[in-house]
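> The following block contains the structure, expressed as structure tokens.
The values are calculated or read from the model by the stated rules, or taken from the named source; none is laboratory data. Only a predicted model underlies this, so the values are computations on that prediction, with no experimental measurement involved. Glycine also receives a Cβ, built like all others from the backbone with ideal geometry; neighbour counts cover every protein chain displayed.
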Amino acid sequence: MLKLHDFCNRAVLTADRERWTGGRLVERYCATDPCDPASREPENIAETAERYKALSVEALSAARFSGEADHFFDDARPGLARFRPEVAAAVHRRLAMSLPERDTMGRWLGVTTFRPHAVLLAGSSLDAVRQVACARPAAAETEEHGELREDGLSAQIALMQLLPHLDGRAQVQLLLALPHPRSPVLELAQAFRPAPPEDVERLLSAAASSSHDQALMALMYVRGAAPVVGEGAAAIIRGFTKAGRSSVRALALALLAQLGDQTGLRALVEAGWNAGTLTGDELYFERWYGSQCLIRAAELGLIAPVEVIDRTLDEVHVHAVRRLGGPAAAAVVPRVRAAVMKLLEASPGLVSPPVEQDDTRCGEAPLYSLGDLSTGDSRRDFVAALKETPDEFQEKQRSAWKAFGQVRAALVRSDAELAVKDVGAEVVDAFASGDPTAAVAAARAILAHPPALLPALVNFGLRLAVPLSRAHPDLAEALIERLEPVRALVQLNIDQGRLSLAACSAWMCARHPALDAMRIRRLDRAPNDHALAQEVLAALRAGLADELLAYAEACLAEAQPTRRARGLAVLGFGPEGPLADELVRIHEAEKGLTGAAARAARYAYERNVWARQWYTAMAGADEPLTFWSASVQLLKIVDARISTWAPEAPRGALMNRFGFTLKAQLKRRIGLWRDKRETKLFGQTPPADIFRLRA
């Protein structure tokens with residue numbers, strides 16, 4: 001066995017040996033943190049800039065895996081975007097210019113990589129992206145199961161990057177000149193800008209005598225650009241409501257509601273349009289936007305609110321309650337009561353694939369998505385993903401959707417479709433207020449159900465907990481505690497942070513000692529930093545920032561290091577404020593767990609402060625290079641707290657035109673924070689569960 005003096009001798013003898021400093025190379029590219037607005041230009045940035053200029057763009061995004069050049073391209077970008085933006089922008093433009101010469105896969109990978117950098121396009125690089133956007137599809141390109149092949153998808157993404165650089169008139173000219181009819185992706189609507197009424201009518205007239213894909217593109221232009229629409233264009237839109245394709249009819253109906261076209265809305269009302277007469281998943285969007293038309297018609301006095309509730313989708317009733325008020329709220333009560341009774345009687349013990357749905361606050365039709373289809377064995381899943389072919393991936397997706405379709409069909413047969421519908425908080429609140437006896441009975445019935453039958457009841461039960469908390473806090477607490485561990489048939493994701501409905505409901509419940517204690521327990525029991533950050537974000541959305549600060553102060557007043565560390569973590573994941581900043585600062589120099597937690601809290605706290613500064617700079621920028629430089633720093637550090645402060649920042653012209661191009665990267669960054677924080681507790685690797693006491 002080696003003794004102490006042996007270790008000392010070895011240290012002396014090997015003192016001059018080169019040591020492994022780890023695989024992290026970012027500091028070698030930029031010795032200061034470029035995301036810190038107060039950082040200064042480092043000495044090594046000039047060397048990095050020279051190496052960046054020498055990059056071969058043909059080697060970038062050339063394969064599905066990242067090579068050495070790709071890693072350098074990404075890792076050196078923040079430092080160069082901050083201190084040498086012209087150099088970095090030139091390399092990105094060279095990448096864009098290489099796109100037309102690539103093969104199908106290389107073009108798709110390249111145009112996808114360039115997506116958050118679209119604001120940099122100019123001159124030759126803009127022409128290159130235009131060439132990709134307007135390229136004719138290869139002869140072998142086909143659509144399978146409604147999904148565009150790589151060539152078509154590359155053209156759509158390129159079009160998204162090109163359109164924000166054009167004014168409305170130029171956009172219409174481009175759409176009229178497109179040599180290929182392709183169904184537009186939904187995100188494309190955010191790229192459009194308004195054109196003069198005569199150009200809008202010209203686009204719609206051309207689409208009326210063309211393919212349904214051209215019609216969809218023209219209607220989506222009007223939907224996204226929101227231009228002034230003349231009577232001629234409005235008449236064409238009305239004609240599209242009778243088109244042969246449901247997707248075209250749906251988008252035309254959406255425009256009737258958006259434009260408030262009284263002629264079209266009155267005709268729809270008088271024709272007796274009813275969502276209940278349209279069946280089949282392929283007609284879902286038509287049912288949704290037709291329902292929105294009836295709500296708009298009620299706002300214009302063309303139909304009674306009660307009749308709107310009878311003729312529209314259940315999922316749209318939340319918008320009717322918000323916009324039509326008391327009469328609509330009263331009308332939904334008996335419908336919800338009947339649906340809940342059917343659901344409780346049916347008690348379907350169904351197993352569904354992991355299907356998710358974003359909340360419907362934006363007013364658009366909600367979209368289902370598949371969650372994680374992994375087996376739970378990370379090694380096996382990783383190997384399987386490497387071996388999986390595109391056809392195998394598509395088959396796995398189709399199988400999952402088929403299984404979900406069977407679940408929905410079973411629910412429809414038993415009149416229990418409420419299990420996979422989110423009727424919205426306002427509708428459930430109207431039910432609880434309009435028939436409190438039935439609401440209490442429903443809560444008690446849910447609590448009495450066996451665990452195997454609860455997945456069908458999770459979302460409604462968690463929604464119900466919030467209005468019940470005002471008069472029955474015990475029932476509200478019991479619902480949340482009972483339903484949170486159960487995976488719903490359709491998992492609702494709230495906000496950009498993908499908050500759970502249970503967390504949001506817990507923090508939205510009324511103030512009451514029992515419910516306050518429940519919220520404290522949730523903070524106490526969070527098993528990792530991600531779970532704790534989610535609780536903090538849910539509290540911020542509920543306007544309970546002061547309660548978080550009080551919790552942190554109470555934790556810091558205790559002697560136990562783990563309690564102090566948890567309080568500091570809450571401050572780190574919380575909002576910016578002088579008291580929070582001071583509480584973290586005074587503990588940073590401490591030894592042990594408390595000091596380590598304080599430094600981790602500082603890391604999380606500062607990056608939220610910095611992200612807000614970069615967002616403000618980006619949103620107000622009037623120069624493309626300034627916008628891009630700020631966006632690169634933002635997308636390196638931002639987390640889900642962006643939803644709590646981004647709406648307050650003034651938006652300039654560039655932000656309005658190019659902000660949507662950053663959404664995919666923003667979602668990815670929030671996901672990376674989630675993955676990192678799930679493996680940490682107070683910034684440290686947590687001990688195994690067996691060594692932790694449950695609060």
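> If the requirement is being modelled with pLDDT of 80 or more, more than 30 Å from the chain's Cα centre (by Cα) and more than 22 Å from residue 122 (Cβ to Cβ), which of these qualifies: 10, 17, 40?
Just a single option satisfies the conditions, and that option is 40.
> Answer with yes or no whether residue 46 is under 25 Å from residue 633 (Cα atoms), modelled with pLDDT under 90, not hydroxyl-bearing (Ser, Thr, Tyr) and not assigned by TED's automatic domain parsing to the domain that holds residue 636.
Against the criterion (under 25 Å from residue 633 (Cα atoms), modelled with pLDDT under 90, not hydroxyl-bearing (Ser, Thr, Tyr) and not assigned by TED's automatic domain parsing to the domain that holds residue 636), residue 46 does not qualify.
> Of the residues 580, 596, which is closer than 30 Å to residue 663 by Cβ and more than 21 Å from the chain's Cα centre (by Cα)?
Unique residue meeting the criteria: 580.
> Can residue 418 be described as assigned to a helix (DSSP H, G or I), in contact with a helix residue (DSSP H, G or I) (Cβ under 9 Å, 6 or more places away or on another chain) and under 28 Å from residue 365 (Cβ atoms)?
Here the answer is yes, as residue 418 does meet what is asked.
> Can you give me the ranges of the helices (runs of 4 or more DSSP H) entirely in the stretch 636-695 with at least 3 residues that are within 22 Å of the chain's Cα centre (by Cα) and of a type in the set (Lys, Arg)?
Where helices (runs of 4 or more DSSP H) fall fully within the stretch 636-695 and carry at least 3 residues being within 22 Å of the chain's Cα centre (by Cα) and of a type in the set (Lys, Arg), they are 663-677.
> Identify, by number, the condition in (1) out of contact with any Ser or Thr (no Cβ under 8 Å at 6 or more places or on another chain); (2) surrounded by 15 or more Cβ atoms within 10 Å (Cβ to Cβ); (3) closer than 30 Å to residue 176 by Cβ that residue 132 doesn't meet.
So the condition that residue 132 fails would be (1).
> Shifting gears a bit: List the residue pairs whose Cβ atoms are under 7 Å apart, where the first residue sits in the stretch 390-401 and is closer than 17 Å to residue 150 by Cβ, the second is at pLDDT 85 or above, and the two are 6 or more positions apart or on different chains.
397/370
> Consider only pairs whose beta carbons are under 7 Å apart and that are at least six residues apart or on different chains; among these, list those whose first residue lies in the stretch 581-598 and is crowded, with 17+ Cβ neighbours inside 10 Å and whose second residue is of a type in the set (Ser, Thr, Tyr) and at pLDDT below 95.
Partner pairs satisfying both residue conditions: 587/594; 593/562.
> Restricting to the stretch 116-142, give me the number of residues that are out of contact with any Asp or Glu (no Cβ under 8 Å at 6 or more places or on another chain) and either over 20 Å from residue 635 (Cα atoms) or at pLDDT below 95 (or both).
17
> Out of contact with any strand residue (DSSP E or B) (no Cβ under 8 Å at 6 or more places or on another chain), surrounded by fewer than 21 Cβ atoms within 10 Å (Cβ to Cβ) and over 19 Å from residue 657 (Cα atoms): is that true of residue 187 in this structure?
Criteria not met by residue 187.
> Specify which of the listed residues (603, 551) is assigned by TED's automatic domain parsing to the domain that holds residue 524, surrounded by 17 or more Cβ atoms within 10 Å (Cβ to Cβ) and of a type in the set (Ser, Thr, Tyr).
When all the criteria are applied, what remains is 551.
> Within 19 Å of the chain's Cα centre (by Cα) and surrounded by fewer than 18 Cβ atoms within 10 Å (Cβ to Cβ) - does that describe any residue in the stretch 614-630?
No, the stretch 614-630 has no match at all.
> Give 470, 498 a once-over and let me know the one that is at positive phi and out of contact with any strand residue (DSSP E or B) (no Cβ under 6 Å at 6 or more places or on another chain).
498
> Could you tell me whether residue 495 is of a type outside the set (Ser, Thr, Tyr), closer than 28 Å to residue 449 by Cα and assigned by TED's automatic domain parsing to the domain that holds residue 427?
No; evaluated as a whole, the condition is false for this residue.
> Assigned to a helix (DSSP H, G or I) and either of a type in the set (S, T, N, Q) or at pLDDT 95 or above (or both): is that true of residue 71 in this structure?
no
> Can you find, within the stretch 639-671, the residue that is surrounded by the most Cβ atoms within 10 Å (Cβ to Cβ) among those that are closer than 22 Å to residue 575 by Cβ and among the hydroxyl-bearing types (Ser, Thr, Tyr)?
Per the stated criteria, the residue is 644.
> Mind listing whichever residues of the stretch 35-54 are surrounded by 17 or more Cβ atoms within 10 Å (Cβ to Cβ) and touching a residue at least 60 places away in the same chain (Cβ under 8 Å)?
The answer is 35, and nothing else.
> At pLDDT below 95, surrounded by 19 or more Cβ atoms within 10 Å (Cβ to Cβ), of a type outside the set (D, E, K, R) and under 25 Å from residue 368 (Cα atoms) - does that describe any residue in the stretch 293-303?
No - not one qualifying residue is present in the stretch 293-303.
> For the stretch 212-231, which positions are surrounded by 15 or more Cβ atoms within 10 Å (Cβ to Cβ) and more than 24 Å from residue 166 (Cα to Cα)?
212
> Something else about it: I'd like the full set of residues that are at pLDDT 95 or above and of a type in the set (Val, Ile, Thr), limited to the stretch 493-529.
Residue satisfying the conditions is 520 alone.
> Does residue 492 satisfy being part of a strand (DSSP E or B), touching a Leu at 6+ places or on another chain (Cβ under 9 Å) and of a type in the set (A, V, I, L, M, F, W, C)?
yes
> Working carefully through the options 577, 567, find the one that is closer than 29 Å to residue 502 by Cα, surrounded by fewer than 18 Cβ atoms within 10 Å (Cβ to Cβ) and assigned by TED's automatic domain parsing to the domain that holds residue 683.
On inspection, the qualifying residue turns out to be 577.
> Hey, another quick one. Being touching a strand residue (DSSP E or B) at 6+ places or on another chain (Cβ under 7 Å) and β-branched (Val, Ile, Thr) is the requirement here; does residue 355 meet it?
yes
> Another question about this same structure. Being surrounded by 21 or more Cβ atoms within 10 Å (Cβ to Cβ), farther than 21 Å from residue 628 by Cβ and among the basic types (Lys, Arg) is the filter here, so list the residues in the stretch 55-114 that pass it.
The answer is 107, and nothing else.
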